[in-house]
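Reviewing the structure listed below.
The values are calculated or read from the model by the stated rules, or taken from the named source; none is laboratory data. Just so you know, these numbers come straight off a predicted model, no measurement behind them. Don't worry about glycine lacking a Cβ; one is built from the backbone with ideal geometry, like all the others, and counts go over all protein chains shown. The protein model used for the area step is the full one, side chains on, heavy atoms only, and it has no ligands, DNA or RNA in it. Shrake-Rupley method; radii C 1.70, N 1.55, O 1.52, S 1.80 Å.
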Amino acid sequence: MLNKPVLVESLIVFVIVLFVHAVVWDRYSWCAVALAVQAFYVQFKWDRLLQLGGAVFQFRAAANSGLLPASMVIPLLGIVMKERCKSAGIVYFERFGIVVASTGMLVALFLSVIAVGITKPVPTNTCILTGVAGSVIIYTMKHSLAVSEVIEVLEVLLIFVYLSMILLYLLPRCFTPGEALLVLEGISFVLNQLIKRSLNVIEGRGDPIDFFLLVAVVGVILLGLFFTVLFIFMDSGTWISSMFFHMMTAVLGLGVIMPWLYRLIQRNPLFWLLQFLFQTQTRIYLLAYWTFLAASACGVVFYQNAKRSSESKKHQASTITRKYFHFIVVATYVPGLIYDRQLLYVAAVLCLAVFIFLEYIRYFRIKPFGQTLRHLLSLFLDERDSGPLILTHIYLLLGMSLPVWLFPRSCAPKGTLSGAGALVPYSGVLAVGVGDTIASVFGSTMGEIKWPGTKKTFEGTMTAVFAQIIAVALILIFDSSVNLNSNYAWILASVTLVSLLEAYTTQIDNLLLPLYLQIMFM
C-alpha cells in the first residue's frame with residue numbers, strides 16, 4: 001500500500017488539478033482529471049516495482065516513484081498556457097498550448113503502460129483505468145489536433161523513448177521515475193522544437209533569446225552524450241584524454257553549435273551576445289553585481305572546505321549552510337526580474353550551460369580541475385545525489401529559471417499578465433528561494449511538531465507560507481509592473497498548497513515546486 005506521505009502528496013496534487021479544472025472547465029481539463037486518477041493508481045505499481053527491484057533501470061532510492069506529481073506538470077502547463085493565450089487572442093500559442101498538454105498526457109500514459117506491463121501478476125483494475133483514461137485522451141486529441149500537430153506529439157514521444165533508454169542506462173540512480181519523466185520530457189520537447197524551427201527558418205521570425213535557449217540546452221546534452229560514448233573506450237582521467245576533451249569541445253562548439261545558432265538568428269552569435277549583454281548601462285551594472293555574487297558563492301564553497309579537516313567527523317555541510325546558496329540565488333534573480341528580464345533569461349541560459357559543462361569536467365575527471373571539483377562539491381552532497389551525477393545545484397538553477405523561460409511573453413500584453421499571473425516569473429523565487437529555504441532553516445532549528453510520516457515540521461511550513469506572503473508584498477512595492485487585481489485569496493491558496501507539497505514530496509522540490517506554483521498563478 002501507499003504510505004501516508006504519498007497519499008497526502010497525491011491529495012495535494014489532486015486539489016491543484018481540480019483548481020485548474022474549475023477555472024478552465026473544458027475537455028482538456030477533463031482529460032487532466034482522468035490522467036490524474038489513472039496516474040494515482042499506476043503509482044502503486046511503480047512503487048511496488050521499486051521496492052521489489054523489478055524496474056528495468058536503477059532509480060534513486062529513498063523516494064517514491066513520484067509518477068502522479070510529475071505526470072501532471074506538463075499537461076497542466078499546456079492547459080493554462082492555452083487559456084492565457086486564448087484570452088489574449090494569440091491563436092498560434094493557443095494551439096501550441098494544446099500540443100504541449102497533449103504531449104504531456106501521451107508521454108505520461110506511455111510511462112503508465114510500461115509500469116502496468118511489467119507488473120506481475122497483471123493488475124486488471126489498473127489496466128482498465130489506464131485504458132479508459134487513454135481512450136478519453138486519445139479521443140480528445142483526435143478531435144482537437146491537426147495532422148501536423150499529431151505528428152509533432154508523436155515525434156516528442158519517439159525522442160522521449162530513445163532518450164530514456166540511453167540516459168537511464170548511462171545514469172543509474174540519478175532520478176526517480178517521476179523525475180526522469182519530467183526531465184527527459186522537457187529535453188525531448190526542446191530537441192523537437194529546435195529541429196522543427198531549424199527546418200522552417202524564416203528570416204526575422206522568432207526571438208533570438210528563444211533560439212539561444214534551445215541551442216544551448218541541446219548543445220550541452222549532445223556534448224555529454226558524445227563524451228559519454230567516447231570515454232567508454234578510453235580512460236577519461238589522463239592528460240591526453242583531457243586535452244582531447246577540451247579540443248573536441250571547442251570543435252563542436254565552434255563547428256556545430258555556433259553555425260546552428262547562426263542559421264536560426266541570421267547573425268553572428270558571439271557579436272549578437274556581446275551586443276545584447278552590454279546594450280544598456282543597467283545591464284552592465286547587473287552583470288557586475290552578478291559577478292560579485294558568483295564570487296561570493298565560490299567563496300562560500302572554499303570557506304566551507306577549508307573548515308573541513310581530516311580529523312573532523314562532519315563530512316557534509318549542514319542544511320543551513322546549503323541554504324546560503326538559495327539566498328544568493330534570490331539576490332541574483334530579484335534585481336533581474338525587476339530591471340531586465342530578458343538579460344536574466346539569457347544569463348540563466350549561460351549559467352545552465354556552464355553548470356552542466358563543469359559537471360562533465362567533474363564526472364569525467366577532466367584535468368586540471370576535475371578532481372578538485374569532486375573534492376570541493378563532495379561536502380555539499382545529500383541523499384538525493386545518490387547517482388554518478390551531482391544535480392541538486394542544476395535543479396536549483398532550473399527551478400529559478402523555468403518560470404522565466406516558460407513565461408508566455410507573446411500572450412502577455414505589455415510584458416506582464418493580469419492578476420496572480422503577474423507573479424509567474426517570481427514562482428521560482430517564491431517557491432524555492434523563499435519558501436523552501438525558510439521552511440528548511442526554521443524547521444531544522446525551531447520545528448517541533450512534525451507532519452505525520454515526514455521529517456518536515458508544521459512550524460517550517462507555516463513560516464514558509466508567511467515568508468512568501470511577505471515576499472509578495474515586497475514585490476508589489478518594488479516592481480511596478482505587478483498588479484494583482486485583489487487576487488489575494490488565490491495567491492494565499494496557491495502558496496499554501498505548494499508549501500504543503502514541499503512538506504510531503506520526496507521528489508526534487510527545487511524542480512517541482514516552482515512549476516506547480518507557476519501553474520496556479522497562471
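Descriptive notes on the structure:
- Surface composition of the chain: carbon plus sulfur atoms hold 69% of the accessible area, using a 1.4 angstrom probe and ignoring ligands, DNA and RNA.
- Sites matching trypsin sites (Lys or Arg not before Pro) across segment 273-363 that sit in DSSP coil, with at most 13 neighbouring C-beta atoms within 10 Å: LYS313, LYS314
- Distant-in-sequence amide H partners of LYS450 (H built 1.01 Å from N, under 5 Å): PHE458
- Residue-count net charge about THR140 - beta-carbon cut-off 14 Å; Lys, Arg +1, Asp, Glu -1: +1
- By the beta carbon rule, with partners counted only under 4.7 Å, the chain holds these lone Cys residues: CYS31, CYS127, CYS174, CYS298, CYS351.
- About the Cα centre, charge dipole magnitude for segment 1-179 (Lys/Arg +1, Asp/Glu -1 at Cβ), debye: 300 debye
- Dividing the mean sequence gap of close Cα pairs (under 8 Å, 6+ apart) by how many residues segment 366-522 holds gives a relative contact order of 31 percent.
- For segment 347-480, size of Cβ-based charge dipole, Lys and Arg +1, Asp and Glu -1, in debye: 380 debye
- Segment 1-99, relative contact order in percent, only Cα pairs under 8 angstrom and at least six apart counted: 27 percent
- Ordering of 419-425, 465-471, 444-450 by burial proxy (mean other Cβ atoms within 10 Å per residue, highest first): 419-425, 465-471, 444-450
- Sequence-separation-based contact order of the chain, relative, with Cα cut under 8 Å and 6+ spacing, percent: 17 percent
- Computed log₁₀ I(q)/I(0) - Debye formula, equal Cα scatterers, no solvent, segment 1-179, q 0.10 Å⁻¹: -0.39
- Lys/Arg +1, Asp/Glu -1 at C-beta; the chain dipole; positive extreme among SER188, SER241, ALA108: SER241
- Measuring against 22 Å, Cα to Cα, the residue pairs LYS323/LYS455; LYS45/LYS450; LYS323/LYS456; LYS4/LYS450; LYS82/LYS142; LYS82/LYS196 contain LYS45/LYS450 as the ones spanning a longer distance.
- Per residue of the chain, the DSSP helices (runs of n ≥ 4 H) give a summed -39500 (n - 2.57) that works out to -24500 deg cm²/dmol at 222 nm.
- Net charge, GLU94 excluded, C-beta distance under 14 Å - Lys, Arg +1, Asp, Glu -1: +1
- When only the Cβ of Lys, Arg, Asp and Glu is charged (+1, +1, -1, -1), the dipole of the chain relative to its Cα centre reaches about 460 debye.
- The smallest convex shape that holds all Cα atoms of the chain, its convex hull, gives 156 Å³ per residue.
- Accessible surface area normalised per residue over the chain is 45 Å², counting heavy atoms of protein chains with a 1.4 Å rolling probe.
- Evaluating kT/(6 pi eta Rh) at 25 °C and 0.890 mPa s, with the Kirkwood radius of segment 179-277 over Cα pairs in the Stokes-Einstein relation, gives 163 µm² s⁻¹.
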